[in-house]
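Notes to accompany the following structure.
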Amino acid sequence: MSDEIWLATGEATVLAADGQYTDAMPEVLIGSVKGPVGQAFASMTGQVAGHPRMFVIRDLNQQVRPATMMTTKMTVKSEDYVELLGGVLQAATADAIVDCVAEGIIPKDKTNELCIIIMVWLDPRCAKDENLDKRDLYRTNYEATKLAISRALKGEPTIDELIANRKTISHYALEGVFEE
């Protein structure tokens, strides 16, 4: 990793426990507060109907470093959804970011020079599920956030990996679409 991080991207998917809708699929942008990610971060401080944007905090008065802006990929349509988004999901995201710094995935000496934008997935069925396993919602989002950040900063998958697996890995939505 070079000393300057202008724009790094990463994503990860961690699947839910059986019977849950708690799959996590964060997408992250990480970069200098002085670069394109910083500019995008600053422009996200306003709200867009149905897509709340919030600083990632661990708890009251505990904003994470690097400063991180979180938004959802799904349109928010209920208070129950907002509670999960700003509660369990935000806590998992925040803890993962702090642990990334503690474990050296994010350089500690760069925490005030970098910012993160994270787009999160929260299945709308979670807000309606009386048997929602909040521990699993936390687990999937914590693990996926750490993995997405690590991949962003390591540049993974590499283009060589993508070329090597081009014929052996295909998008799950294409299953049955093409003959093998």
Mean Cα-pair separation over length for the chain, i.e. relative contact order, pairs under 8 Å, 6 or more apart, %: 33 percent
message: Springs between alpha-carbon pairs under 10 angstrom, Gaussian network model over the chain: which of 68, 168, 13 fluctuates most?
response: 168
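Taking the Cα centre of the chain as origin and charging only Cβ (+1 Lys, Arg; -1 Asp, Glu), how large is the dipole, in debye to the nearest 20?
Numbers: 18 positive and 27 negative charges, 117 e Å.
Using Cβ point charges on Lys, Arg, Asp and Glu, the chain gives about 560 debye.
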message: With a 10 Å cut-off between alpha carbons and a GNM built on the chain, which of 43, 150, 170 moves the most?
response: 170
message: What do you get for GluC sites (Glu not before Pro) in region 1-108 restricted to DSSP loop and a cutoff of at most 13 other Cβ within 10 Å of the site's Cβ?
response: 4, 103
message: Below 8 Å between Cα atoms, with a sequence gap of 6+, how large is the relative contact order for region 1-105 in percent?
response: 18 percent
- line: Share of accessible surface on carbon and sulfur in the chain, whole %, 1.4 Å probe and ligands ignored, is 51 percent
message: Restricting to DSSP H runs of at least four residues, report the calculated mean residue ellipticity at 222 nm for the chain, -39500 (n - 2.57) per run over all residues, nearest 500 deg cm²/dmol.
response: -9000 deg cm²/dmol
DSSP-loop trypsin sites (Lys or Arg not before Pro) across region 89-177, with at most 13 other Cβ within 10 angstrom: 166, 167
- prompt: For the charge dipole of region 97-180, defined by +1 on Lys and Arg C-beta atoms and -1 on Asp and Glu C-beta atoms about the Cα centroid, which residue among 121, 111, 157 has the Cα displaced farthest towards the positive pole?
  reply: 111
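With N denoting the number of residues in the chain, provide Rg(C-alpha) divided by 2.2 N^0.38 Å, to two decimal places.
So the chain has a normalised radius of gyration of 1.07.
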message: Compute a Gaussian network model of the chain, connecting alpha carbons closer than 10 Å, and tell me which residue from 66, 124, 26 fluctuates the most.
response: 124
message: Just to confirm, what accessible area per residue do you get for region 32-173 at 1.4 Å probe, in whole Å²?
response: 58 Å²
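The values are calculated or read from the model by the stated rules, or taken from the named source; none is laboratory data. Since the model is a prediction, treat every value here as computed from it, not as a measurement. Neighbour counts run over all protein chains shown; Cβ positions are idealised from the backbone, glycine included. What goes into the accessible areas is simple: the full protein's heavy atoms, side chains included, and nothing from ligands, DNA or RNA. Shrake-Rupley method; radii C 1.70, N 1.55, O 1.52, S 1.80 Å.
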